[in-house]
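Written below as structure tokens is the structure these notes are about.
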Ligand code: CA
């Protein structure tokens, strides 16, 4: 498990002024990774680390030979157009690079003049999906979401009996995962209208969001070699924001017996920045089960997982309708925390590999919709509107049940508490257009 070290010291200040603003997502204690290039340029995408409102261009750092040893090897791997090579190097390399960057970005660092030449302002950047995502698995780790949505799909049998024993998931589609700013057409598909005996084809009328986190696998495991829960987090590179857009009417008709298919594979949006588990270390909280719930089976249980397996990541969903956009406003429709998840990151890795399944650098897990215990903490419109029966009242007088063409959704995430630096995730935005 992660220990706090000098890179977490809340008193650290950077010579990049904007990294010291109290509300910044990217103080010197964060140092998340993305791939980027200058907007409108034909430059190659390369790895970057956020610091305040700037990006440390890791290709430039590598070319300048600023770091040596393990940090030098890591920065050379991160100079590529995707982060898979850096991810494959493993946790000692990620830690060495984090420490080298932290020291070089501090007030008074001797490397300041040479590193300053490697900064690119974030306003000038465009981002790409940060890894070649070989496989994408979407989990279902919120018991509140599973219960709420189960009640809508199966009123007599909301929570399946396996839920409290198995970290449920399905294998998703990686080709349609795009970075924040994604614009996609409303999906067309097959649905069974209420009362009808035959399905129809047409644009989804119940297009929804799913507030999730994305978990990037770093170093993989060999086929046939399970990862024990004690080592599970060594295989995790970091966490981003994720919106698993979902067509509920298509889903309702198709989901039995094999689960979601066309209702989910048309678009998934992730934030450009991956926040490392190291950066999140101050925000670990105990993993606890409600009184009377079954305890996890031994391969899903460890002392460390019980003590600090959960993460207190604050999450917020904002809806931006065309009218709100014109008025320069947004409607916040959900606030919750990742701490309410029923299964932890370590349990997801241990479960995914218990049968010998091999994970590879750059694989992505979705956490599943992260609904909290109360209705205003629900991470999907289908829950927030009770299955579309109770429209959301937006501040400008508009209403919404499901998304309309032109709507954008913005997910934000951050960690904050006294005695630790604020760690932010930036944002994950996507927009639906007419089919
Ligand atoms: Ca999902």
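The values are calculated or read from the model by the stated rules, or taken from the named source; none is laboratory data. Fair warning: this is a prediction, and the values are worked out from it, not measured in the lab. Glycine gets a Cβ as well: all are built from the backbone with ideal geometry, and neighbour counts include every protein chain shown.
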TODO: Being in a helix (DSSP H, G or I) and surrounded by fewer than 16 Cβ atoms within 10 Å (Cβ to Cβ) is the filter here, so list the residues in the range 300-333 that pass it.
DONE: 303, 307, 322, 323, 325, 326
Open item on the list: Just to be sure I understand, how many residues within the range 126-176 are away from the ligand (no atom under 13 Å from the Cβ) and either more than 21 Å from residue 237 (Cβ to Cβ) or out of contact with any helix residue (DSSP H, G or I) (no Cβ under 6 Å at 6 or more places or on another chain) (or both)?
Closed with: 32
Task: Check on residue 280, within 28 Å of residue 133 (Cα to Cα), out of contact with any helix residue (DSSP H, G or I) (no Cβ under 6 Å at 6 or more places or on another chain) and within 16 Å of the ligand (Cβ to nearest atom) - done: no
- [ ] Using the structure shown, decide if residue 75 is within 23 Å of residue 133 (Cβ to Cβ) and part of a helix (DSSP H, G or I).
- [x] yes
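With respect to residue 318, determine if the residue is in contact (Cβ under 8 Å) with a residue 24 or more places away in the chain and more than 26 Å from residue 395 (Cβ to Cβ).
So residue 318 does not fit the description; no.
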Open item on the list: Among (1) outside any loop (DSSP other than H, G, I, E, B); (2) touching a helix residue (DSSP H, G or I) at 6+ places or on another chain (Cβ under 7 Å), there is one condition residue 249 misses while meeting the rest; what is its number?
Closed with: (2)
Open item on the list: Just the residues that are assigned to a loop (DSSP other than H, G, I, E, B), farther than 18 Å from residue 346 by Cα and more than 16 Å from the ligand (Cβ to nearest atom), please, taken from the range 200-231.
Closed with: 205, 223, 224
Open item on the list: For the range 278-299, give me each residue that is outside any loop (DSSP other than H, G, I, E, B) and either outside the structural domain of residue 332 (by TED's automatic domain parsing) or under 21 Å from residue 162 (Cβ atoms) (or both).
Closed with: 298, 299
Open item on the list: Filter the range 349-397 down to the residues that are assigned to a loop (DSSP other than H, G, I, E, B) and within 13 Å of the ligand (Cβ to nearest atom) and list them by number.
Closed with: 367, 368, 369, 370, 371, 379, 380
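Output the number of residues of the range 247-259 satisfying the condition of being within 13 Å of the ligand (Cβ to nearest atom) and closer than 18 Å to residue 200 by Cα.
4
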Open item on the list: Being surrounded by fewer than 22 Cβ atoms within 10 Å (Cβ to Cβ) and either more than 16 Å from the ligand (Cβ to nearest atom) or modelled with pLDDT of 95 or more (or both) is the requirement here; does residue 265 meet it?
Closed with: yes
